[in-house]
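Novice: Here it is: the structure, laid out below.
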Amino acid sequence: MAGQAHTGGTPFLVSPETGHAAPSSFASCSYAATGDGKAAAEAGDAGAAFVLESKGTWWHAGFHLTTAMVGPTVLTLPYALRGMGWALGLAALTAVAAVTFYTYYLMSRVLNHREAAGRRHIRFRELAADVLGSGWVFYLVVTVQTMINAGITIGSILIAGNCLQIMYSSLAPEGPLKLYHFIMIVAVVLALFSQMPSFHSLRYINLGSLFLSLGYTVLVSGACIRAGMLSNAPVKDYSLSPSKSERTFDIFLSVSILATVFGNGILPEIQATLAPPAAGKMVKALVMCYAVAFFTFYLSAISGYWAFGNAVQSNALQSLMPDKGPSLAPTWLLALSVVLVLLQLLAIALVYSQVAYEIMEKQSADAAHGRFSRRNLVPRLALRTGYVAACALVAAALPFFGDIVGVVGAVGFIPLDFVLPVVMYNVALAPPRRSLVYVANVAIIVVFTCVGVIGAIASVRKLVLDAGKFKLFSDHVVD
């Protein structure tokens, strides 16, 4: 993104308010600041009226945000620390947390600014196109957002299937069922839940998701601490790679993991679920989300890395179940943790599918008819089921999709969550160029654009190194 800021009056870094008007093609994408689903229905926008209905409170938005951010990826944080060591790892974790909270706050400010001007945006792609005044930004955002959302849905289905496989294997070690059978089971359940009509209708599921994340984080972290205190505990070695180039790649791969863990990519759509006016509500939702994130992220990162050092696997739960030797935690605890992870993965897949469902509904549904009319119910059932089936097929065919998601995270989350929010703030609210806010925003753009590029290279490198393990429709998930 920053690379587009050429010399002179770049539209990315100066305000368009003095003559840089939004294209008329995006004028119809916003609604009156005091409007709701009725205004969207009158405009014929079924995606807004049905999927992104604006009825929620700030705590509902907090539930959505927490589900979007605090997931089983928290169990990868010890692995992120492994690539950087204690001091740099915890500093990077804190820095990424602070920067993402700041950038999400700025994006919410931009949304509020547009709403106060009578233009309430409910989609990331339309907000970016309106603020930056460029049609190509619309297509860039919708492409990146679609890759992220589909990637997370595929990854959630894959890992949920793997959770079922783990439980099945413990009960029937020689059983005939394969990974793709469990992926099919997960897909059927997800297809049923995907018929819930709107983002707002997921609010209580996402409240449950919040408690699920707290539950398995406490269980796995407690098990790691217990394992680290055993008499036969693994040797704790916190040294980094002796190779300078290897250490450099490890650092940037770890930063990519952190960016993915804190990534969201759908904040405007979550803010769209708030009953207008939304001003001030999203900050409360962010505080709720980051309170949960602070507890779960630091607890998981510190306990897992302390217990296993640089021998920690890419998932702390896997470190407790080594391939050789007995498990390092009680069977009941491991089983309960896997169940909690499995259940939350379904909620995460539902949340990240909402943008796809909104796009489908906007094109296929008729806002003049009722949400549950036959005219709208039949295409919703067919399209959403087809989307889940397609994601499940990719998950079954590519059980090494985790490595691909690493690349998607580097090239997706960093532009949407680190770069675009500060670019849009500098454009829409036009802070003075010599102000601390403006300088800090430009620094974030430059630093995280570089981090994104190098992180993508590091992720691709891991993809290449793991290529020998890849096999279509394999019965094992590649770590």
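The values are calculated or read from the model by the stated rules, or taken from the named source; none is laboratory data. For clarity, every value in this text was computed on a predicted model and none was experimentally measured. Don't worry about glycine lacking a Cβ; one is built from the backbone with ideal geometry, like all the others, and counts go over all protein chains shown. Areas reflect the complete protein model, heavy atoms only, side chains present, ligands, DNA and RNA absent. Shrake-Rupley method; radii C 1.70, N 1.55, O 1.52, S 1.80 Å.
Novice: Residues 141, 189, 131: which one is in contact (Cβ under 8 Å) with a residue 12 or more places away in the chain, among the aliphatic types (A, V, I, L, M) and surrounded by fewer than 23 Cβ atoms within 10 Å (Cβ to Cβ)? Full working, then the answer.
Specialist: Details: 141 fails: surrounded by fewer than 23 Cβ atoms within 10 Å (Cβ to Cβ); 131 fails: surrounded by fewer than 23 Cβ atoms within 10 Å (Cβ to Cβ).
It is 189.
Novice: Which one is most open to solvent (accessible area, probe 1.4 Å) among residues in segment 402-419 that are modelled with pLDDT of 70 or more and of a type outside the set (A, V, I, L, M)?
Specialist: Among those that are modelled with pLDDT of 70 or more and of a type outside the set (A, V, I, L, M), it is 415.
Novice: Which count do you get for residues in segment 311-322 that are buried (at least 22 other Cβ atoms within 10 Å of the Cβ) and in a helix (DSSP H, G or I)?
Specialist: 3
Novice: Among the residues of segment 320-329, count how many are out of contact with any helix residue (DSSP H, G or I) (no Cβ under 6 Å at 6 or more places or on another chain) and either touching a residue at least 12 places away in the same chain (Cβ under 8 Å) or of a type in the set (Phe, Trp, Tyr) (or both).
Specialist: Qualifying residue count, segment 320-329: 1.
Novice: Tell me which residues, restricted to segment 371-385, are under 18 Å from residue 53 (Cα atoms), open to solvent by 30 Å² or more (accessible area, probe 1.4 Å) and among the basic types (Lys, Arg).
Specialist: 371
Novice: Just the residues that are out of contact with any helix residue (DSSP H, G or I) (no Cβ under 9 Å at 6 or more places or on another chain) and either among the small types (Gly, Ala, Ser) or within 18 Å of residue 345 (Cα to Cα) (or both), please, taken from segment 143-173.
Specialist: 169, 172
Novice: One residue is enough: does segment 331-350 have a residue meeting the conditions crowded, with 23+ Cβ neighbours inside 10 Å, at pLDDT below 90 and not polar (S, T, N, Q)?
Specialist: No, there is no match, as no residue in segment 331-350 is crowded, with 23+ Cβ neighbours inside 10 Å, at pLDDT below 90 and not polar (S, T, N, Q).
Novice: Consider residue 199 carefully, then state whether it is touching a Leu at 6+ places or on another chain (Cβ under 8 Å) and aromatic (Phe, Trp, Tyr). Please lay out each step first, then the result.
Specialist: On the way: touching a Leu at 6+ places or on another chain (Cβ under 8 Å): yes; aromatic (Phe, Trp, Tyr): yes.
The answer is yes for residue 199.
Novice: Okay, moving on. Say we look at segment 69-78 and pick out the residues that are open to solvent by 10 Å² or more (accessible area, probe 1.4 Å) and farther than 12 Å from residue 212 by Cα; which of these is farthest from the chain's Cα centre (by Cα)?
Specialist: First pass over segment 69-78, keeping only residues open to solvent by 10 Å² or more (accessible area, probe 1.4 Å): 72-73, 76.
Adding the requirement that they be farther than 12 Å from residue 212 by Cα leaves 73, 76.
Working: 73: 10, 76: 14 Å.
By that ranking, first place goes to 76.
Novice: Determine, yes or no, whether residue 308 is in contact with a Pro (Cβ under 7 Å, 6 or more places away or on another chain) and over 23 Å from residue 186 (Cα atoms). Write out each step before concluding.
Specialist: Details: in contact with a Pro (Cβ under 7 Å, 6 or more places away or on another chain): yes; over 23 Å from residue 186 (Cα atoms): yes.
Considered against the rule, which asks whether it is in contact with a Pro (Cβ under 7 Å, 6 or more places away or on another chain) and over 23 Å from residue 186 (Cα atoms), residue 308 comes out as yes.
Novice: Given the options 164, 210, name the one that is at pLDDT 90 or above and over 24 Å from residue 285 (Cβ atoms). Spell out how you get there, then give the answer.
Specialist: Details: 210 fails: over 24 Å from residue 285 (Cβ atoms).
That would be 164, the only listed residue that is at pLDDT 90 or above and over 24 Å from residue 285 (Cβ atoms).
Novice: So which residues in segment 260-310 are open to solvent by less than 10 Å² (accessible area, probe 1.4 Å) and β-branched (Val, Ile, Thr), if there are any at all?
Specialist: Within segment 260-310, 261, 266, 270, 273, 296 qualify.
Novice: State the number of residues belonging to segment 250-296 that are under 23 Å from residue 146 (Cβ atoms), in a helix (DSSP H, G or I) and polar (S, T, N, Q).
Specialist: The qualifying residues number 3.
Residues checked against (1) open to solvent by less than 80 Å² (accessible area, probe 1.4 Å); (2) within 19 Å of residue 258 (Cα to Cα); (3) in contact (Cβ under 8 Å) with a residue 12 or more places away in the chain:
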{"position": "435", "(1), (2), (3)": "yes, no, no"}
{"position": "438", "(1), (2), (3)": "yes, no, yes"}
{"position": "442", "(1), (2), (3)": "yes, no, yes"}
{"position": "446", "(1), (2), (3)": "yes, yes, yes"}
{"position": "463", "(1), (2), (3)": "yes, yes, yes"}
{"position": "473", "(1), (2), (3)": "no, no, yes"}
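Novice: Filter segment 386-401 for residues that are of a type in the set (A, V, I, L, M, F, W, C) and free of Cβ contacts under 8 Å to residues at least 24 places away in the same chain; which is surrounded by the fewest Cβ atoms within 10 Å (Cβ to Cβ)? Talk me through it step by step, then tell me what you get.
Specialist: Let us first name the residues in segment 386-401 that are of a type in the set (A, V, I, L, M, F, W, C), namely 388-398, 400-401.
Right, trim to free of Cβ contacts under 8 Å to residues at least 24 places away in the same chain and you get 390, 393.
Working: 390: 14, 393: 16.
For segment 386-401, the residue satisfying everything is 390.
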